[in-house]
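J.: Once you've had a glance at the structure underneath, I'll fire off some questions.
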Amino acid sequence: MEYQIQMVYEKEDVGAMVRAMEYRRQPEKNLRLATKIAYPIFGILLIIVAIGTIAAMLTAGLVSIATIVVMVASMVGGVALLRRSDSRGMERRSWKKYPNKGLTLTYTFYNDHFEEVDEVSGENTYQYISIASANEDDNHFFLFTASNAGHMLRKDCFLVGDPATFGKFIRIKAAVTIDPIQ
């Protein structure tokens, strides 16, 4: 056994995973910033279009299927863009939906594979070659497999091994770079 990590995910950990997934979708900092600015602006504009459509229908007395479709589509699109831009809200919703609160997870890293053990799904074994990418923030390592499964490891929960050397270990075993999340 090279490393062992045992943890119970907390709200902050699920939030960190949401941020890691967001980073993976848009690793370019400027694109993330543009999205963060554009989504709320266009969301508000679409809601204004929906309100304007309602006002036009009421004042002109013209109600048609096309205007109702435009109004509903604008309202739904606007709300969706506003919700998508709210990463803190997404973190809260993800924690609320997270089914394994209080569940202890244990990751054990051996020379040729690693294992994940929890009380619900039992033991799962992974080969290092299955790790397609990896990220790191101040408190976590994130390992993503080719099937897009995510493994989050808290740095303060290492029972065996040192988190300071874990990044190098994964880079060698999985042949991936560990990209920092900014």
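J.: Pick from Thr108, Thr145, Thr53 the residue whose mean-square fluctuation is largest in a GNM of the chain, springs joining Cα atoms under 10 Å.
T.: For the chain, modelled as a Gaussian network with Cα springs under 10 Å, the answer is Thr53.
J.: Just the number please: accessible area per residue for the stretch 1-83, 1.4 Å probe, all protein chains included, in Å².
T.: On the way: 5160 Å² over 83 residues.
It amounts to 62 Å² per residue over the stretch 1-83.
J.: Let me ask another. Cα axis of helix 87-97 to longest principal axis of the chain: angle in degrees, 0 to 90, nearest 10?
T.: Rounded to the nearest ten degrees, it is 70.
J.: Per DSSP H run of at least 4 residues, take -39500 (n - 2.57); add these up for the chain, divide by its residues and hand me the 222 nm value, nearest 500 deg cm²/dmol. Walk me through the intermediate numbers first.
T.: Working: 5 runs with 91 residues, N = 182.
Per the formula, -17000 deg cm²/dmol.
J.: Moving on to the next point. Quick one: plug the Kirkwood hydrodynamic radius of the stretch 99-180 (C-alpha pairs) into Stokes-Einstein at 20 °C, 1.002 mPa s, and report D in µm²/s. Intermediate results must be reported in sequence, preceding the final value.
T.: On the way: Rh = 13.1 Å.
Calculated translational D: 163 µm²/s.
J.: What do you get for the angle between helix 11-25 and the principal long axis of the chain? Use alpha-carbon atoms, 0 to 90 degrees, nearest ten.
T.: 70 degrees
J.: Now, a different point. For the chain, what percent of Cα pairs sit more than 22 Å apart?
T.: Details: 9333 of 16471 pairs.
Summing the P(r) of the chain above 22 Å gives 57 percent of all pairs.
J.: If you don't mind, there's one more thing I want to ask. May I ask which residue of Ala66, Ile178, Leu81 lies farthest towards the positive end of the charge dipole of the chain, with charges of +1 (Lys, Arg) and -1 (Asp, Glu) on Cβ and the Cα centre as origin?
T.: Ala66
J.: Another question, if that's okay. Carbon and sulfur: what percent of the chain's accessible surface (1.4 Å probe)?
T.: Working: 6380 of 10510 Å².
Here it works out to 61 percent.
J.: Taking the Cα centre as origin and putting +1 on Lys and Arg beta-carbons and -1 on Asp and Glu beta-carbons, what dipole magnitude results for the chain, to the nearest 20 debye?
T.: On the way: 20 positive and 20 negative charges, 194 e Å.
Magnitude of the dipole: close to 940 debye.
The values are calculated or read from the model by the stated rules, or taken from the named source; none is laboratory data. Every value quoted in this text rests on a predicted model; they were computed, and no experiment measured them. Counting neighbours? That spans all protein chains shown, and the Cβs are built from the backbone with ideal geometry, glycine included. Areas reflect the complete protein model, heavy atoms only, side chains present, ligands, DNA and RNA absent. Shrake-Rupley method; radii C 1.70, N 1.55, O 1.52, S 1.80 Å.
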